[in-house]
């Protein structure tokens with residue numbers, strides 16, 4: 001809890017929630033592999049850590065979209081990663097949806 005409380009004290013409630021999820025996964029793996037005898041995250045809920053997350057709407061301004069082009073070029077990313085960012089932005093898809101998409105899922109003629 002002290003690790004999670006430290007993150008929350010910085011005002012990073014969302015990060016504290018994500019950290020809890022990652023710790024749960026790590027300790028779950030460690031339990032299965034018999035590295036630890038118990039999961040210390042058992043019983044800890046989001047409300048104990050970072051609190052309930054509020055949904056928010058985020059809209060990029062035209063200036064931010066224009067700046068994205070230069071920032072992507074400077075980010076030293078693979079071209080395929082840069083293309084994926086543009087496809088996600090253009091189609092409003094999440095990264096998980098995009099990475100599971102196959103060529104058969106795309107109909108260029110119908111633009112779907």
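Read-outs: derived from the displayed coordinates by stated rules, not from any lab. Computed from a predicted structure; not experimentally measured.
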Hey, what number do you get for the chain at 222 nm if only DSSP H runs of n ≥ 4 count, each worth -39500 (n - 2.57), divided across all residues, to the nearest 500? -16500 deg cm²/dmol
Averaging over all projection directions, find the projected area of the Cα convex hull of the range 2-48 and quote it in nm² with one decimal place. 3.1 nm²
When a/c is below 1.5 the answer is rounded, else prolate if a/b is larger than b/c, else oblate, so apply that to the range 62-105 with a ≥ b ≥ c taken from the square roots of the Cα gyration tensor eigenvalues. oblate
Taking the chain as the reference, fit the longest principal axis to its C-alpha atoms, fit the long axis of helix 79-91 to the helix C-alpha atoms, and give the angle between the two in degrees, 0 to 90, nearest 10. 90 degrees
With an 8 Å cut-off on Cα pairs and a minimum separation of 6 or more residues, tell me the relative contact order of the chain in percent. 19 percent
Roughly what angle does helix 13-32 make with the longest principal axis of the chain, taking Cα atoms, 0 to 90 degrees, to the nearest 10? 70 degrees
With bins of 10 Å, the percent of all Cα-Cα pairs of the chain per bin from 0 is 11, 25, 26, 26, 11, 1
